[in-house]
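Novice: Below is a structure I'd like to ask you about.
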Amino acid sequence: MPASYAYLGPEGTFTEVALRTLPEAATRELIPYVSVQSALDAVRGGEAEAAFVPIENSVEGGITATLDELVAGSPLMIYREVLLSITFALLVRPGTQLTDIKTVSAHPAAQPQVRNWLRANLPDAVWESAASNADAARLVQEGRYDAAFAGEFAAARYGLVALESGIHDAENAQTRFVLVGRPARPAAPTGADKTSVVLWQNDDHPGGLRDLLGEFATRGINLMLLQSRPTGEGIGNYCFCVDAEGHISDRKVAEALTGLKRICLQVRFLGSYPRADITLDEVRAPLPGTSDEEFVAASDWVARCQDGRF
């Protein structure tokens, strides 16, 4: 496998900035791709060792392009995650004034993060979506659009200037990025981990989602993300993307996945990997009866009962 990481490009994206925070990125060739799909396909096709793409932001939730690829494409696994605080600059060609701006561009995920600023400062500007924020900057450089919402660091790369900086509708906005590779053995648990899966119901029935969530709840597993995505098989047909606290090697997580495999039409394991939002010291104590030791003790008790040793 090539010693390279694909990422959502072009150069100058928030994705590239987040990727460069990974220590291993310094030892890999970093190759920009024009879309999330093409970056992930580079991994599937053996052109890259892994791909680094956005998957969630704190304002709008899941990044559908990434979720849908992980749901519907050939299987891939998440190995790492990175959180990056996001603030935008309005990038323009030198000499452009606010009153000159008739069109603005950025990635669709950026729009909810600058909507109020745009309404207050450029109410008549037409929004045009781009493949990435850096690509929007490139299109401004080429004269296609008047302004782009992107990281201020992208200005020099595309010969632009920041007309306004520090733009964000929500304080402390963050985007979550993931390093995705081909399926393999998950990394060893750290004690501060996350497990991601996709769940398909056997059929649509009252309490169906409750049944899925119950497999986590009865074992004291907290969920960090729950998002439905259409399966493409007609209105009302959805699967569920879930992030849960814990590692697949944890007894309660393994038991929950076992239960889900029994009751679901399909379960796709997307990986167990270290959390980026907390350290080991910040992990909450397990609820009574949900520690690995208590699961082992209960299992041993059942085994003794079966042997007549209770």
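The values are calculated or read from the model by the stated rules, or taken from the named source; none is laboratory data. In this text the structure is predicted, and so the values were computed from the model without any measurement. Positions of Cβ are backbone-derived with ideal geometry, glycine not excepted, and every protein chain shown enters the neighbour counts. Surface accessibility is based on the protein's heavy atoms, side chains included, excluding ligands, DNA and RNA. Shrake-Rupley method; radii C 1.70, N 1.55, O 1.52, S 1.80 Å.
Novice: Filter the range 52-74 for residues that are of a type in the set (Ser, Thr, Tyr) and either in contact with an Asp or Glu (Cβ under 8 Å, 6 or more places away or on another chain) or not in a loop (DSSP other than H, G, I, E, B) (or both); which is farthest from Ala25 (Cα to Cα)?
Specialist: Thr64
Novice: Within the range 139-168, count every residue that is of a type outside the set (A, V, I, L, M, F, W, C), modelled with pLDDT under 95 and part of a helix (DSSP H, G or I).
Specialist: Adding up the residues that qualify gives 1.
Novice: Hey, Ala65 hits all of (1) open to solvent by 20 Å² or more (accessible area, probe 1.4 Å); (2) out of contact with any Lys or Arg (no Cβ under 8 Å at 6 or more places or on another chain); (3) outside the structural domain of Tyr7 (by the TED database) but one; which does it fall short on?
Specialist: All conditions are met except number (3).
Novice: Does Tyr158 satisfy the criteria of being closer than 19 Å to Glu16 by Cα, surrounded by 15 or more Cβ atoms within 10 Å (Cβ to Cβ) and of a type outside the set (A, V, I, L, M, F, W, C)?
Specialist: yes
Novice: Oh, and also: Report every pair of residues separated by at least 6 positions or lying on different chains whose Cβ atoms are under 6 Å apart, first residue within the range 56-72 and closer than 15 Å to Ala39 by Cβ, second open to solvent by less than 50 Å² (accessible area, probe 1.4 Å) and among the β-branched types (Val, Ile, Thr).
Specialist: Ile63/Ile55; Ala65/Val36; Thr66/Val36; Thr66/Val53; Thr66/Ile55
Novice: Something else now. Go through (1) under 23 Å from Gln174 (Cβ atoms); (2) surrounded by fewer than 11 Cβ atoms within 10 Å (Cβ to Cβ); (3) touching a residue at least 40 places away in the same chain (Cβ under 8 Å) and name the single condition Gly232 misses.
Specialist: Only one criterion is unmet by Gly232, namely (1).
Novice: Looking at Ile78, Ile167, can you tell me which residue is more than 18 Å from Gly9 (Cα to Cα) and in contact with a Ser or Thr (Cβ under 6 Å, 6 or more places away or on another chain)?
Specialist: After applying the criteria, what remains is Ile78.
Novice: Residue check: is Ser196 surrounded by 18 or more Cβ atoms within 10 Å (Cβ to Cβ) and in contact (Cβ under 8 Å) with a residue 60 or more places away in the chain?
Specialist: So Ser196 fits the description; yes.
Novice: List every residue pair whose Cβ atoms sit under 8 Å apart, with the two residues 6 or more apart in sequence or on different chains, where the first one lies in the range 262-285 and is under 21 Å from Arg185 (Cβ atoms) and of a type in the set (Phe, Trp, Tyr) and the second, anywhere, is assigned to a helix (DSSP H, G or I) and open to solvent by less than 40 Å² (accessible area, probe 1.4 Å).
Specialist: Pairs found: Phe269/Leu257.
Novice: If I filter the range 24-51 down to residues being surrounded by fewer than 19 Cβ atoms within 10 Å (Cβ to Cβ) and assigned to a strand (DSSP E or B), which single residue comes out as farthest from the chain's Cα centre (by Cα)?
Specialist: Once the filter is applied, the top-ranked residue is Glu29.
Novice: With respect to the numbered conditions (1) out of contact with any strand residue (DSSP E or B) (no Cβ under 6 Å at 6 or more places or on another chain); (2) closer than 30 Å to Val283 by Cβ; (3) assigned by the TED database to the domain that holds Val253, which one is the sole condition not fulfilled by His205?
Specialist: Status for His205: all satisfied but (2).
Novice: Scan the range 43-69 residue by residue and report those that are over 19 Å from Asp135 (Cα atoms), out of contact with any Ser or Thr (no Cβ under 8 Å at 6 or more places or on another chain) and among the aliphatic types (A, V, I, L, M).
Specialist: Within the range 43-69, Val43, Ala50, Val59, Leu67 qualify.
Novice: Which strands (runs of 3 or more DSSP E) sit wholly inside the range 75-137 and have at least 2 residues that are farther than 24 Å from Val36 by Cβ, open to solvent by less than 70 Å² (accessible area, probe 1.4 Å) and not assigned by the TED database to the domain that holds Glu152?
Specialist: Output list is empty.
Novice: Counting only residues that are among the aliphatic types (A, V, I, L, M) and touching an Asp or Glu at 6+ places or on another chain (Cβ under 7 Å), which one in the range 240-286 is nearest to Asp203 (Cα to Cα)?
Specialist: Residue satisfying both the conditions and the ranking: Ile263.
Novice: Name the single residue that is surrounded by the most Cβ atoms within 10 Å (Cβ to Cβ) among those in the range 138-148 being free of Cβ contacts under 8 Å to residues at least 60 places away in the same chain and among the charged types (D, E, K, R).
Specialist: Asp146
One line per residue, one yes/no per condition, for (1) more than 28 Å from Arg262 (Cβ to Cβ); (2) open to solvent by less than 30 Å² (accessible area, probe 1.4 Å):
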| site | (1), (2) |
| --- | --- |
| Ile167 | yes, yes |
| Pro186 | no, no |
| Gly208 | no, yes |
| Leu223 | no, no |
| Gln227 | no, no |
